[in-house]
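The values are calculated or read from the model by the stated rules, or taken from the named source; none is laboratory data. Everything numeric in this text was worked out from a predicted model, so none of it was measured. Glycine also receives a Cβ, built like all others from the backbone with ideal geometry; neighbour counts cover every protein chain displayed.
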Amino acid sequence: MGPGLPEPAGGLPSFSLAGRCALVTGASGGLGEHFAQLLSAAGARVWLAARRVERLRSLECRLRAQQTQADSVAIDVTCAQSVAQAFDAMAAHGCVPDLVVNNAGIGLGTPALETPEHDWDRVVDTNLKGAWLVATESARRLVAAGLGGSIVNVASILGQRVQPAVAPYAASKAGLVHLTRALALEWARHGIRVNALCPGYIVTDINRDFLNSEPGDRLRRRIPQRRFGRACDLDGPLLLLASDAGRYMTGAVVAADGGHLVSGL
Ligand SMILES: NC(=O)c1ccc[n+]([C@@H]2O[C@H](COP(=O)([O-])OP(=O)(O)OC[C@H]3O[C@@H](n4cnc5c(N)ncnc54)[C@H](OP(=O)(O)O)[C@@H]3O)[C@@H](O)[C@H]2O)c1
């Protein structure tokens, strides 16, 4: 510990998010919906963001029924104007999110030679440019308010290794991993931590049929833990990156994948 730096408080680390204001993009289904419920249960006021606002409203009602603070805001992460409007809407309620989960993302399962340019654009605009727009808008407002915060970019193990037929997706997630490091370096001085969470294959509505199929089963057998993940397998890593328990972590790339990244070649 250098001279003049405060000693961290002793005792067990706190994973509580009480007093925090969280924004979860892509909260209208899948992992984002689960993450929003988790952050809410950990004490945060949660803003649910996506394009399908009617789905957000239904989750908002369920969260409010549990006496937690939840609100919805429309966002298209590929559009700078839409992102700015979403942050303006939160600001109108006195909220500058100090926890952002950049979860909105899309995938494609097409061989590279059959992937048209507009599919590349859709995937990269959502997964990489979208995370950039949300992260920079959020950091700009945090810095202006003199607040620190935590940004968690939901990348993928496909940002670190590859499979056939996912080239734009894998490239976008690899870009997101490196963007995480670049932003962590620039924003540490502002007290803003930026980390990446790289899930392995997690069962959600969009991939359940494939993961339960014969090719899915072959994939499962290559995972060292021999099982696909459940959304709740990401709870510990996300809370670590989000909360004060991870206060000395920034620029980290955390995989939660049953060992898939270390499977034998
Ligand atoms: N499931 C997995 O196995 C897995 C593994 C590794 C990484 N991931 C990553 O985890 C994240 C969530 O995946 P998921 O499995 O939960 O997928 P999902 O069920 O398809 O959910 C994707 C979410 O992203 C939102 N979204 C898409 N385009 C958007 C846009 N332009 N603006 C705002 N929101 C947008 C969708 O909401 P609207 O359509 O309502 O806008 C939806 O809520 C993604 O980034 C994905 O790459 C998933």
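Here is a check on your reading of the model: is residue 112 surrounded by fewer than 19 Cβ atoms within 10 Å (Cβ to Cβ), at pLDDT 95 or above and in contact with a Pro (Cβ under 9 Å, 6 or more places away or on another chain)? I'd like the intermediate steps shown before the answer.
Details: surrounded by fewer than 19 Cβ atoms within 10 Å (Cβ to Cβ): yes; at pLDDT 95 or above: yes; in contact with a Pro (Cβ under 9 Å, 6 or more places away or on another chain): yes.
It is true that residue 112 is surrounded by fewer than 19 Cβ atoms within 10 Å (Cβ to Cβ), at pLDDT 95 or above and in contact with a Pro (Cβ under 9 Å, 6 or more places away or on another chain).
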- Of all residues in the stretch 140-153, how many are over 15 Å from residue 193 (Cβ atoms), among the hydrophobic types (A, V, I, L, M, F, W, C) and either without any contact (Cβ under 8 Å) to a residue 12 or more places away in the chain or within 14 Å of the ligand (Cβ to nearest atom) (or both)? 1
- Mind checking which residues of the stretch 129-161 are of a type in the set (A, V, I, L, M, F, W, C), within 22 Å of residue 228 (Cβ to Cβ) and not in a helix (DSSP H, G or I)? 152, 154, 155
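For the subset of the stretch 158-176 comprising residues that are in contact (Cβ under 8 Å) with a residue 12 or more places away in the chain and surrounded by fewer than 20 Cβ atoms within 10 Å (Cβ to Cβ), which member is farthest from the ligand (Cβ to nearest atom)? Please lay out each step first, then the result.
Restricting attention to the stretch 158-176, the residues satisfying the condition of being in contact (Cβ under 8 Å) with a residue 12 or more places away in the chain are 158-161, 164-176.
Going one step further and asking which of them are surrounded by fewer than 20 Cβ atoms within 10 Å (Cβ to Cβ), we end up with 160-161, 164-165, 167, 171, 174-175.
Numbers: 160: 11, 161: 12, 164: 17, 165: 15, 167: 14, 171: 13, 174: 12, 175: 13 Å.
Among them, the one singled out is 164.
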- Note on the structure: The correct count of residues that are assigned to a loop (DSSP other than H, G, I, E, B) and either touching a helix residue (DSSP H, G or I) at 6+ places or on another chain (Cβ under 9 Å) or crowded, with 18+ Cβ neighbours inside 10 Å (or both) in the stretch 231-252 is 5
- Message: Checking residue 81 against (1) part of a helix (DSSP H, G or I); (2) in contact with a strand residue (DSSP E or B) (Cβ under 9 Å, 6 or more places away or on another chain), only one condition comes out false. Which one?
- Response: (2)
- If you go through the stretch 40-75 one residue at a time, how many are near the ligand (Cβ under 9 Å from one of its atoms), buried (at least 19 other Cβ atoms within 10 Å of the Cβ) and either not aliphatic (A, V, I, L, M) or not in a loop (DSSP other than H, G, I, E, B) (or both)? 3
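Of all residues being aliphatic (A, V, I, L, M) and in a loop (DSSP other than H, G, I, E, B) in the stretch 162-180, which is farthest from residue 234 (Cα to Cα)? Just the residue, please. Working first, answer last.
The first filter runs over the stretch 162-180 and keeps only residues aliphatic (A, V, I, L, M), leaving 162, 165-167, 170-171, 174, 176-177, 179.
Subsequent filtering for residues that are in a loop (DSSP other than H, G, I, E, B) retains 162, 165-166.
Working: 162: 21, 165: 25, 166: 23 Å.
So, considering only residues that are aliphatic (A, V, I, L, M) and in a loop (DSSP other than H, G, I, E, B), the one farthest from residue 234 (Cα to Cα) is 165.
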- Query: Quick one: residue 195 ticks every box in (1) surrounded by 18 or more Cβ atoms within 10 Å (Cβ to Cβ); (2) farther than 24 Å from residue 26 by Cβ bar one, so which box is it?
  - Reply: (2)
- Scanning for something under 19 Å from residue 103 (Cα atoms) and either among the small types (Gly, Ala, Ser) or at pLDDT 95 or above (or both), does the stretch 202-216 turn up at least one residue? yes
- Task: For residue 248, state whether it is at pLDDT 95 or above, more than 12 Å from the ligand (Cβ to nearest atom) and not aliphatic (A, V, I, L, M).
- Result: yes
- Query: If you take the residues of the stretch 83-139 that are of a type in the set (Phe, Trp, Tyr) and under 18 Å from residue 156 (Cβ atoms), which of them is farthest from the ligand (Cβ to nearest atom)?
  - Reply: 120
